[in-house]
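Scroll down for the structure; my scribbles are underneath it.
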Amino acid sequence: MIIDELRQQLKTIEPDVTTIKAYWLQSNIGPRMDQLEKQSLGPDFWQQAQLGKELQRIRLQHEQYEHISKTISELPELLDLFEHDEQELNNLHKDITALCQSIKKFKIDLLLNKPEDDTPCFLAINAGAGGTESQDWANMLLRMFLRFCEREKLPVEVADFQPAEQAGIKSATLFIRGKKAYGLLKSEQGIHRLVRISPFDTNKRRHTSFASVLVTPEVPELDVTIDPSDIRIDTYRASGAGGQHVNTTDSAVRVTHLPTNIIAQCQNERSQTQNKETAMKMLRSRVAQKLKDDQDAKHAAGVEKKKIEWGSQIRSYVLHPYKMAKDHRTQLESPQPDLVLDGQLMPFIEAYLIDNA
């Protein structure tokens, strides 16, 4: 029956509405609007174009939020009222479908509102200490992020891939494009910890493995100037999949920024020139991130570079003796780590964005 379908639609959208309300209460949007409204009464306010645009944007967000809150609270009563009126239910069906679409769009626009959130990004995975265990874990993370990109329809390319000797990977770098790519993935930066019964241990003992994830937005060439004399470029033979040229020509490129010792490498493209271009994009994004981190450190007690080891993880994935994925920043837990490792990351991403509103 149509009434059951409509009630199910409302139930499906409940988590998005909960996310929107939690973010709104946590954010500074309401107080900021009140502040700008008072300032707008001054004689010179509208001559400051940036403040005027900010007030208009926040007003629009406030109107959308109020409309969603009011409508979502009224709809259950309307469904009860017209439960046996098929014509009215058909009209409500159109309204509810449109509302569901607008809620999903508003949620993303609300959570990801920073200018850099909409840019492509590089996501680098590096295995921690521990040999094969950590290298296999790094490969599991690589699959997790590839599955996430597939779920969210984010185009992704493997820019660099360094396989390990026995199993897994030493490192890999993804270039991810699409709507809100950096905004969605920035919360994944940090140390990821896995606890499981090792498939490589004949005694079936429990092992803990670590891998690091670095996420940086793509930076336009004009925004970061790198002196050619500050870089060293090395070429080498690519490894892994890539066609007949792999392991036959020195097409892979490694670029080192000497002042910071930041390294970027690419082997995915078919020519050395293309690999160099991608490696330089990667290098610019990492240098820009370091400059930002250095500036942030001046306003804080200092930023300590965390080792890939105990006590520094952002998220733990426990497969034995119990099953649990837990984010240590937001305290969000999932009793289904297998689903998380299959790319179901949105609950963790949304919780992080709400917590950092």
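None of the figures in this text is laboratory data; all of them are computed from the coordinates on show. This is a predicted model, so every value here is computed, not measured. Heads up, the Cβs are rebuilt from the backbone with ideal geometry, glycines too, and the neighbour counts pull from every protein chain shown.
Numbers for the structure displayed
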| read-out | value |
| --- | --- |
| Space enclosed by the convex hull of the alpha-carbon atoms of the stretch 80-156, per residue, Å³ | 175 Å³ |
| Per-residue ³J(HN,Hα) for the stretch 201-209, Karplus 6.51 cos²θ - 1.76 cosθ + 1.60, θ = phi - 60°, Hz, x for Gly and Pro | 9, 5, 8, 6, 8, 7, 10, 10, 10 |
| Separation in nanometres of the label points that stand 7 Å from Cα toward Cβ, at residue 10 and residue 200 | 5.4 nm |
| Amide proton proximity set for residue 262, modelled H, under 5 Å, gap of 5+ | 257 |
| Degrees between helix 272-298 axis and first principal axis of the chain (Cα, 0 to 90, nearest 10) | 70 degrees |
| Eligible lysines near residue 290 by straight Cα distance, threshold 18 Å, same-chain separation 8 or greater | 186, 281, 298, 305, 306, 307 |
| Point-charge dipole on Cβ atoms (K/R +1, D/E -1) for the stretch 1-111, about Cα centre, debye to 20 | 760 debye |
| Helix axis angle, 132-151 relative to the chain longest principal axis, alpha carbon, degrees | 40 degrees |
| In sequence order, calculated HN-Hα J values of the stretch 349-357 (Karplus, 6.51, -1.76, 1.60; Hz; x Gly/Pro) | 5, 5, 4, 5, 5, 5, 5, 10, 5 |
| Cα centre as origin, Lys/Arg/Asp/Glu Cβ charges: the stretch 47-169 dipole, Debye | 480 debye |
| Amide H contacts of residue 252 (H built 1.01 Å from N, under 5 Å, at least 5 apart or other chain) | 236, 238 |
| Built amide H within the under 5 Å cut-off of residue 218, gap 5+ | 121, 122 |
| Residues residue 62 and residue 90, FRET efficiency given R0 of 25 Å [Cβ-Cβ distance, rounded to 0.05] | 0.20 |
| Folded to 0 to 90 degrees: helix 49-81 orientation relative to the chain principal axis, Cα | 60 degrees |
| Cβ-based charge dipole, the chain, positive-most Cα from 219, 8, 287 | 287 |
| Candidates 314, 96, 125: whichever shows maximal mean-square fluctuation once the chain is modelled as a Gaussian network with Cα springs under 10 Å | 96 |
| Sum of -39500 (n - 2.57) over DSSP H runs of 4+, divided by residues of the chain (222 nm, nearest 500) | -15500 deg cm²/dmol |
| Within a Gaussian network of the chain (alpha carbon springs, distance under 10 Å), most fluctuating of 76, 43, 347 | 43 |
| Integer Hz, Karplus 6.51/-1.76/1.60 couplings in order for the stretch 5-12, x for Gly and Pro | 5, 5, 5, 5, 4, 5, 5, 5 |
| Cα gyration tensor shape for the stretch 116-357, rounded if a/c is under 1.5, else prolate or oblate | oblate |
| Unit charges at the beta carbon, dipole of the chain: most positive-side option, 262, 33, 185 | 262 |
| Calculated P(r) tail over 17 Å for the stretch 2-111, as whole % of Cα pairs | 59 percent |
| Net charge of Cβ neighbours under 15 Å - reference residue 30; Lys, Arg +1; Asp, Glu -1 | 0 |
| Value of relative contact order over the chain, rounded to a whole percent, pairs C-alpha under 8 Å and six or more apart | 17 percent |
| Unit charges on C-beta of K, R, D, E only; dipole of the chain, Debye | 1420 debye |
| Gained length - residue 97 relative to residue 323, 0.36 nm times residue gap less alpha-carbon distance | 77.7 nm |
| Length added when fully stretched, residue 109-residue 296, from 0.36 nm per residue minus Cα-Cα | 64.8 nm |
